[in-house]
Ligand code: GRF
C-alpha cells in the first residue's frame, strides 16, 4: 500500500477529502502522516480523528533548510511515496524539493498560470475573470509554478462574491485532488518538460 504525507496549516478540508477517498479505496493508497506548522490547525484534529499520525512542527526561530530537513525526516520515517501540500502556507526550500523529486503535489484554487499566490479566488473575482477553477500541480522551487497534473474549471457568476466563488471552487478541489493523487500513485503519468502526460487522457 502506497502512503502519502500531507502538509497542512489550517482547516484541512482537502486533507479530509483525501482521507475519505482513501477509505473508499479511491486514492490508490492511504494517508500515512499529517504534518502541520500550526499547532491549533483543524487539520490536525481531523487527522487524529481518522487515526492518522498527526505531527506539529514549529518553524519559528529555525533556519528554513533546517526546518524543511526536519519535515523530510518525518515523511521518510513514515515511508511516504508522495507528498501533498493541502493549504500549507510555506514555500519549500530546495532541500525539501530535492528530497522528493517529482513527488510533491500542491492544490491551488485558480486555473494556473493565472492568479498564483495568496487569495487566488479573490484575485480572479477582482480581475473580472468569467472562469476560474482549481489546479493540482507538481511543486518546483517557484511559487505555484510546477507542471500541471489536473485542472477543472468553475464559472464565475455575476452575483458571486469572493466567498461564494471560493466555496464553489473548494467543492471541485475535493474531487480533483484525490483524482490527481491516484494518477500519481498509480504511476499513470510522465513529465515531458512542462507537460504532464496522463495515460488515457
Ligand atoms: C484550498 O483552497 C487550497 O486550494 C489552498 O488552500 C486551501 C486549503 O483549504 N491551497 P483546506 O485547508 O484544505 O480546507
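Remarks
- For the listed peptides 190-201, 53-64, a ranking on the average number of other beta carbons within 10 Å per residue, highest first, reads 53-64, 190-201.
- Projected area averaged over orientations for segment 45-88, convex hull of C-alpha atoms, nm²: 3.7
- Longest to shortest principal axis, alpha-carbon extents of the chain, angstrom: 48, 40, 33
- Sorted by Cβ density within 10 Å, fewest first, the residues 118, 15: 118, 15
- Derived value for segment 78-164: Kirkwood hydrodynamic radius 13.8 Å. Basis is the mean of 1/r over every pair of different alpha-carbon atoms.
- Value of [θ]222 nm, deg cm²/dmol, for the chain, DSSP H segments ≥ 4, -39500 (n - 2.57) each, nearest 500: -11000 deg cm²/dmol
- Helix axis angle, 64-77 relative to the chain longest principal axis, alpha carbon, degrees: 70
- Kirkwood Rh and Cα Rg combined as Rg over Rh, evaluated for segment 103-154: 0.96
- Fraction of beta bridges assigned by DSSP in the chain that are antiparallel (%, nearest 5): 45
- Using the Stokes-Einstein relation with a Kirkwood hydrodynamic radius computed over Cα pairs, the translational diffusion coefficient of segment 1-82 at 25 °C and a viscosity of 0.890 mPa s comes to 191 µm²/s.
- Remark: the residue 62-residue 179 segment gains 38.6 nm on full extension, using 0.36 nm per residue and subtracting the alpha carbon distance.
Values in this text are rule-based calculations from the coordinates and carry no lab data. Because the structure is a prediction, the values reported are computed rather than measured. All Cβ positions, glycine included, derive from the backbone under ideal geometry; neighbour counts span all protein chains shown.
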